[in-house]
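The values are calculated or read from the model by the stated rules, or taken from the named source; none is laboratory data. As the structure is a computational prediction, the values presented were derived from the model and not from experiment. Ideal geometry is used to build each Cβ from the backbone, glycine not excepted, and the neighbour counts take in all protein chains shown. Note: areas computed on protein heavy atoms with side chains; ligands, DNA, RNA excluded. Shrake-Rupley method; radii C 1.70, N 1.55, O 1.52, S 1.80 Å.
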Amino acid sequence: MAERIVLNTDIRKGTINRNIYGHFAEHLGRCIYEGIWVGEDSAIPNTKGIRNDVVEALKEMKIPVLRWPGGCFADEYHWKDGIGPSEERKRMINTHWGGAVENNHFGTHEFMRLCAMLECEPYINGNVGSGTVQEMSEWVEYLTFNGVSPMAELRQKNGQEEAWSVAYFGVGNENWGCGGNMRPEYYADLYRRYQTYVRNYGDNKIHRIACGANSDDYNWTEVLMREATRFMDSLTLHYYTLPTSDWANKGAATGYGTDEYFNTLKKALFMDELVTRHSVIMDKYDPDKRVGLIVDEWGTWYDVEPGTNPGFLYQQNTIRDALVAGLTLNIFHKHSDRVRMANIAQTVNVLQAVILTEGEKMLLTPTYHVFNMYKVHQDAQLLDLTVDSPLYSYEGAEIPEVSASASVTAEGVIHVSLCNLNHEASAALPLELRGLAGQPATVSGTTLAGSSIDAHNTFEQPEAVVPQPFTAFKLEGNKLTVELPPMSVTVLAITPG
Ligand code: AHR
């Protein structure tokens, strides 16, 4: 088969939900504390304790939704510990993550302020594992009830007169593991019970999110859909990409060889199969696709940086991570009929972060640049596209060399995102633009490429990997031939004539 990309510019396949570009921030390592929250007395420029530089960068990237407070932390979090005068809040040990002291200075009010500053939707994850129905129900009341009630009064006493609006609420996290080690049958019943008391107050309509499967645990999805479909608006899925199959030796974030590079990309591509298979099960119980699939934890997970707390999950981020981000977002687009939200783990200083900080210094990772380049796809219409990709082989294994996706904005601008996974060879292939009245009026592009297999940004060299203008294309009629550099993520903007 000829290697090419065929793009039917006149066949639209639905909206790419902007929430696919969502993020996740947990009380883990230096994500919340240091990464987002520095406190009002900090010398680091902040607004009411929240770092200005981080807010600015996340806003630039158009962060649409932020999940908080965990993760595993969510099922140990008691929200009342994080309200009221900060000096009176409980200090405790974060047993899950590195034994750090949690002073609860960042709580509900601070999170809601952060979301307001970011102009993004809050996605709050409630506690099923160690919390009560009453506790969860009262949190929702505290957040969203505008009448006379004990929780509304408490909120007002703590300085917030008006209820907030909260669209997304998760009922537990990883309840098959750190959230209580439950069987799916047991969790399904608990889910039905807890969600009953996650009330809609006034105009606030909550999208109820049930805890979904770990990776390829299809039985979990089957049981949850069989027992609880009518009580949920979405079901989640968690999948992390490790270079190896050994959690004790996952592989390093930098300084790796071609084998770990290749394996990481191969394993990231597995997201397509996962989403396909979980969707098939969901289709059986929900053929109208009312229930969304939310991939609210995804991304790379490596060994921590040498010398850092193993419980803080701090890792560097290279061009390999940029490719994982680019190809995964392309997969989510393809499945946007079912995938309505995704949240990469985790925003700052943890796992596949978009931002790293060191004291007052901040850098944008290659993953950040991909999210920033791809933001043009948010809420755009997915276009029909087929890729007959060259193959990328390594030691007998093969994966497609090119991952691609395309969408059209309300203004009619077509964007095509293209990843060349090959670590040493450019990918040259024609992109046939079908369904256009004439030749495109303009074509422009931006590319993010690696100069070495682990190219990354450091605090000394924060701009080693940054987007550059892309000009390696030739337009002949409606055929656009592109030459994608090795290890690159490219986004083209095509304006029809
Ligand atoms: O993102 C880190 C951890 O990974 C989360 O707390 C948990 O939900 C998952 O296992």
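Observations
- Rule-of-thumb Rg ratio for the chain [Cα; 2.2 N^0.38 Å; N residues]: 0.97
- Charge dipole (Cα centre; +1 on Lys/Arg Cβ, -1 on Asp/Glu Cβ; no other charges) of the chain amounts to roughly 1080 debye.
- Note that the stretch 187-198 has calculated 3J(HN,Hα) couplings of 5, 4, 5, 4, 4, 4, 6, 4, 5, 4, 9, 8 Hz, one per residue in order, obtained from phi through the Karplus relation 6.51 cos²θ - 1.76 cosθ + 1.60 (θ = phi - 60°); glycine and proline are x.
- Applying the Karplus relation 6.51 cos²θ - 1.76 cosθ + 1.60 with θ = phi - 60° to the stretch 18-24 yields 3J(HN,Hα) values of 4, 5, 4, 8, x, 10, 9 Hz, where x marks Gly and Pro.
- Gyration tensor (Cα) of the stretch 347-497, equivalent ellipsoid semi-axes in angstrom: 29, 20, 13
- J(HN,Hα) series, the stretch 101-116, from Karplus relation 6.51 cos²θ - 1.76 cosθ + 1.60, nearest Hz, glycine and proline x: 7, 9, 9, 6, 5, 9, x, 4, 5, 5, 5, 5, 5, 4, 5, 5
- Degrees, to the nearest 10: 258-285 long Cα axis against longest axis of the chain: 70
- The chain - Cys residues lacking any other Cys C-beta under 4.7 Å: 31, 115, 120, 211, 419
- Accessible area per residue, Å², the chain with all protein chains present, probe 1.4 Å: 38
- Between the stretch 132-147 and the stretch 450-471, the alpha-carbon center distance in angstrom: 46
- Amide H contacts for residue 488 (H built 1.01 Å from N in the peptide plane; partners 5 or more residues away or on another chain; cut-off under 5 Å): 420.
- Between the stretch 249-281 and the stretch 63-82, the Cα center-to-center distance that results, in Å: 27
- Cβ-Cβ distance of residue 393 and residue 130, R₀ of 60 Å, FRET efficiency by 1/(1 + (r/R0)^6): the value works out to about 0.80.
- Near residue 102, the amide H atoms lying under 5 Å from its own belong to 92, 93, 94; only residues 5 or more places off or on other chains count, and H is placed 1.01 Å from N.
- Of all lysines in the structure, the ones whose alpha carbon falls short of 22 Å from that of residue 267, not counting any fewer than 8 places away in one chain, are 250, 334.
- Ranked by the mean number of other Cβ atoms within 10 Å of their residues, highest first, the peptides 250-259, 133-142 fall in the order 133-142, 250-259.
- Note on residue 428 and residue 216: the extension gain reaches 72.9 nm, defined as 0.36 nm multiplied by sequence separation minus the Cα-Cα distance.
- Averaging the sequence gap over all C-alpha pairs within less than 8 Å and six or more residues apart, then dividing by the number of residues, gives the chain a relative contact order of 19 percent.
- The residues packed around residue 145, meaning those with a beta-carbon under 13 Å from its beta-carbon, carry a net charge of -4 if Lys and Arg are +1 and Asp and Glu are -1.
- Cα centroid of the stretch 351-381 to Cα centroid of the stretch 382-440, whole Å: 22
- Projecting the Cα positions of 177, 166, 271 onto the charge dipole of the chain (unit charges on Cβ atoms of Lys, Arg, Asp and Glu, taken about the Cα centre) puts 166 furthest along the positive direction.
- At 0.890 mPa s and 25 °C, Stokes diffusion of the stretch 64-187 via Kirkwood alpha-carbon radius, µm² per second: 162
- Packing rank of 465-474, 326-335, 370-379, 87-96, where each peptide gets the mean count of other beta carbons within 10 Å, highest leading: 326-335, 370-379, 465-474, 87-96
- Solvent-accessible area assigned to carbon and sulfur over the chain amounts to 48 percent, based on a 1.4 Å probe.
- For residue 296, the residues whose amide H sits under 5 Å from its own are 237, 343, ignoring neighbours fewer than 5 places away on the same chain, with H placed 1.01 Å from N.
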